[in-house]
Amino acid sequence: MKKILMLGTGGTIACVPSENGLVPALDGKTLVKMVPELAGLCHIDYKQILNLDSSNIAPKHWQIIANALAESYDNYDGFVITHGTDTMAYSAAALSWMIQGCKKPVVFTGAQLPITAEGTDAKANVYNAFLVATSQAQGICLAFGKFVIHGLYAKKMCSESFDGFYSINRQPMATIEDNQFTWNSYEGAGSSGNKFTLNTALEEKVAVVKVTPGLSPDILDYYLDRGYKGIILESFGAGGVPNDENNWLPNLERLIQNGVRVVCATQCTYDGVNLSVYPIGTLAQKLGAESAGTLTIEATLTKLMHDLAK
Ligand code: ASP
């Protein structure tokens, strides 16, 4: 029988009501007890490493999760990480950069409703996550609703729908319908390389700046003055920055000349960035701005934090 370690971090899945709303309280053992279909599937051990609403998850918590995984990597066949849905895509992406050579499944899951709520999605998600954790999948992924998604390409798209996560700019690893998995790929994030390695270093002075029509580029000076090392410009369409009356290029140049890495991302959910189409992109690129390509904001932010700390 395969041995799976369940790492609990909180989230709605583990919530109970309080006078101020839902708070995470249930541990992994309690969650698994509520999914009797898991009996006989695998041997499960539990470790409660955090108990947070995932809006309170910060880079130091990504490091805690990654370290807990690395400590137990050799002793288990697979891992299930229960996590709040709000920032699960960030945590999965962060681990995806920190970990390489991961040949075992590491499966994030959560739920839109607590496991104790009527009509909850939690039981199906936990069950599916364990099916993935006992499968031949490798590396970091998410099992949620009807998809299994590579750890670098997941995004929370809906605040209520049970199919709240989509796979962005990449086919899902698998789709789940009527309890049947159809696999496109068993390759999750961080699975390449032969030896499991962990590097949890992160530069936290990285910010995402959302470009909106007419916004003054002075905002970039704010970050420069405060010692930021990386800026992601979440701008429009194929990417780039305003360059006429409200000209962002001089402020952008100042950032880059001061050694700040600038990455252009897009507010469009799909298709990614192509800086070579318009002057708004080509001019930014000539100054040294980089492209986020087809990565999500979650993956772009965590990549820059990780790259800058290397
Ligand atoms: N606020 C919750 C969290 O992210 C939402 C959820 O888990 O669905 O922890």
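The values are calculated or read from the model by the stated rules, or taken from the named source; none is laboratory data. Since we're looking at a predicted model, the values are computed, not measured. In this analysis, Cβ positions are derived from the backbone assuming ideal geometry, glycine residues included, and neighbour counts consider all displayed protein chains.
Within segment 233-251, can one find any residue that is under 20 Å from the mean Cα position of the chain (by Cα) and within 26 Å of residue 59 (Cα to Cα)? The answer is yes; a qualifying residue exists.
Quick grid of which residues meet (1) among the hydrophobic types (A, V, I, L, M, F, W, C); (2) more than 10 Å from the ligand (Cβ to nearest atom); (3) assigned to a helix (DSSP H, G or I); (4) touching a Cys at 6+ places or on another chain (Cβ under 8 Å):
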position	(1), (2), (3), (4)
13	yes, no, yes, no
30	no, yes, yes, no
49	yes, yes, no, no
86	no, no, no, no
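Going through (1) away from the ligand (no atom under 13 Å from the Cβ); (2) of a type in the set (Asp, Glu); (3) touching a Leu at 6+ places or on another chain (Cβ under 9 Å) one by one, residue 118 falls short only on (3). Checked against (1) within 14 Å of the ligand (Cβ to nearest atom); (2) part of a strand (DSSP E or B); (3) over 25 Å from residue 162 (Cβ atoms); (4) not charged (D, E, K, R), residue 61 meets all criteria but (2). The single residue among 49, 13 that is more than 16 Å from residue 302 (Cα to Cα) and surrounded by 22 or more Cβ atoms within 10 Å (Cβ to Cβ) turns out to be 13. Restrict the check to segment 15-25 and report whether at least one residue is out of contact with any Gly (no Cβ under 8 Å at 6 or more places or on another chain), assigned to a strand (DSSP E or B), among the polar types (S, T, N, Q) and modelled with pLDDT of 95 or more. Yes: segment 15-25 contains one or more residues that are out of contact with any Gly (no Cβ under 8 Å at 6 or more places or on another chain), assigned to a strand (DSSP E or B), among the polar types (S, T, N, Q) and modelled with pLDDT of 95 or more.
A count restricted to segment 140-163 and to residues that are within 22 Å of residue 79 (Cβ to Cβ), part of a loop (DSSP other than H, G, I, E, B) and within 16 Å of the ligand (Cβ to nearest atom) stands at 1. Only residues that are surrounded by fewer than 22 Cβ atoms within 10 Å (Cβ to Cβ), assigned to a loop (DSSP other than H, G, I, E, B) and not charged (D, E, K, R) were counted in segment 164-195, giving 10. Among the conditions (1) buried (at least 16 other Cβ atoms within 10 Å of the Cβ); (2) away from the ligand (no atom under 16 Å from the Cβ), the only one that residue 74 does not satisfy is (1).
Scan segment 28-53 residue by residue and report those that are of a type in the set (Ser, Thr, Tyr) and in contact with a helix residue (DSSP H, G or I) (Cβ under 6 Å, 6 or more places away or on another chain). Steps first, answer last, please.
Step one: filter segment 28-53 for residues of a type in the set (Ser, Thr, Tyr), giving 30, 46.
Of everything in segment 28-53, just one residue is of a type in the set (Ser, Thr, Tyr) and in contact with a helix residue (DSSP H, G or I) (Cβ under 6 Å, 6 or more places away or on another chain), namely 46.
Tallying residues that are touching a residue at least 12 places away in the same chain (Cβ under 8 Å) and closer than 26 Å to residue 153 by Cα within segment 244-277 yields 17. Across segment 277-310, the number of residues qualifying as at pLDDT below 95 and under 13 Å from the mean Cα position of the chain (by Cα) comes to 0.
Among the residues examined, residue 55 qualifies as in a helix (DSSP H, G or I), closer than 30 Å to residue 197 by Cα, within 16 Å of the ligand (Cβ to nearest atom) and hydroxyl-bearing (Ser, Thr, Tyr). The condition of being without any contact (Cβ under 8 Å) to a residue 24 or more places away in the chain and hydroxyl-bearing (Ser, Thr, Tyr) holds for only one of 197, 212, that being 212. Filtered by the rule that a residue be within 16 Å of the ligand (Cβ to nearest atom) and in contact with a Phe, Trp or Tyr (Cβ under 7 Å, 6 or more places away or on another chain), segment 90-106 gives 91, 92, 94.
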